[in-house]
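Structure, as structure tokens:
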Amino acid sequence: MYALRRLFRAVFRFISRGLALVVLLVLAAAVISRVTGAKRERYRPEQIAPKSGRYVSAGGLQMFVQEAGTSKGTPILLVHGPGAWSEIWRETMTALARAGFHAIAIDLPPFGYSEKVKPSEPSAYSPEKQAKRIAAALDALRIGKVILVGHSVGARPTVETTLSIPGRVERLVLVDPVMGFGAEGSMEFRQNDPSLAVKAVFRVRNARDALVSVVATNPLTTRMFFRNFVSNPAAITDARVEMLQQPLIVENTTPAQADWLQYLMESQDKSQVSDFKNLAKLTMPVLLIWGSTDTVAPLWQGRQLQKLIPHADLAVLENVGHVPYIESAAKFNETLVGYLQQQR
């Protein structure tokens, strides 16, 4: 019996030391990643923003936008999802421009080349504040009526904008929107209930920023990160990875994205879009485009949204994941353009 206890203690010490070593290695990697990231993120956005776009003053920020097509065409504002920026919509913008529309893709803070919010705080990225920025960008672009297209988590501020200025939104298109549903079959928004561990990480800014620098803003993890969102890994080409990495050298990218993530993961959301009863107010034509194999926002959520929104159509793209406009660009663009042309 004594020998067994000694063996157990020896095994426990071995495992404990092993776990401690793993934790130390992870912490060291996080620290190195954060230090490297701070050195990398040293350019003001206006210094390195692509010449294909321009800045507009909106909501107290300089926001970066890219456009395609004639300014006389019906304006369509495209709002990207997390970790992306306006260039991810390039193929869709081109397709819309060819169809006679005025396509506008925006870098919604904290992503891309738009100015970062100061002072830095998670509440800066609530759907209400993001909606005000979108509306202000429309004003700066002198756009009255508009068609809004929002993807993934970007759909939440897109819907909030629509609820705030419904008279200006002719149509609404939501692409695999992450709306905050609870368990499968739910018809209600699920508020955050973070664990003590999550709260602890976000309460220590250095730890929070180090985590984000490893997972989200490290160019070495870009390909792996986005592969989690698609069904066909071949869609994450070298060119697309390089495109997604481009803004990661903008100053304060990691702290700003950490603020955004903290709001998403920890905060209580009191915006209009967090009350699903408000979705009944979306009386304009609405199109839901959904990848059938989306594991981030499963298809059942699309069917629930279709029930909650009065005039919603649901278009399902088979064998496509969470980012259909890059994973199946031709089919997505055909679906979007076809729908918009029918509604003219």
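Listing for the model above:
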| item | result |
| --- | --- |
| Candidates L163, L108, L148, filtered to the one that is under 21 Å from the mean Cα position of the chain (by Cα) and under 25 Å from D209 (Cα atoms) | L108 |
| Pairs where the first residue, in the stretch 179-200, is closer than 24 Å to T158 by Cβ and the second is hydroxyl-bearing (S, T, Y) and assigned to a loop (DSSP other than H, G, I, E, B), C-beta under 7 Å, 6+ apart | N192/S267 |
| Of all residues in the stretch 280-311 being among the small types (G, A, S) and within 22 Å of the chain's Cα centre (by Cα), the one that is farthest from H151 (Cα to Cα) | S292 |
| Matching residues, the stretch 77-105, being crowded, with 24+ Cβ neighbours inside 10 Å, touching a residue at least 60 places away in the same chain (Cβ under 8 Å) and more than 18 Å from the chain's Cα centre (by Cα) | L96 |
| Complete set of residues in the stretch 183-217 that are touching a Phe, Trp or Tyr at 6+ places or on another chain (Cβ under 8 Å) and among the small types (G, A, S) | G185, A216 |
| So G53, is it out of contact with any Leu (no Cβ under 9 Å at 6 or more places or on another chain), within 25 Å of V215 (Cα to Cα), touching a residue at least 40 places away in the same chain (Cβ under 8 Å) and of a type in the set (G, A, S) | no |
| Enumeration of residues in the stretch 30-52 that are crowded, with 19+ Cβ neighbours inside 10 Å and modelled with pLDDT of 90 or more | E41, P45, A49 |
| Residue match in the stretch 259-280 (condition: part of a loop (DSSP other than H, G, I, E, B) and of a type in the set (A, V, I, L, M, F, W, C)) | no |
| Residue within the stretch 243-266 that is without any contact (Cβ under 8 Å) to a residue 60 or more places away in the chain and surrounded by 22 or more Cβ atoms within 10 Å (Cβ to Cβ) present | yes |
| Identity of the residue in the stretch 90-114, aliphatic (A, V, I, L, M) and part of a strand (DSSP E or B), that ends up nearest to V337 (Cα to Cα) | A103 |
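The values are calculated or read from the model by the stated rules, or taken from the named source; none is laboratory data. Since the structure is predicted, the reported quantities are computational estimates derived from the model, not experimental observations. Positions of Cβ are backbone-derived with ideal geometry, glycine not excepted, and every protein chain shown enters the neighbour counts.
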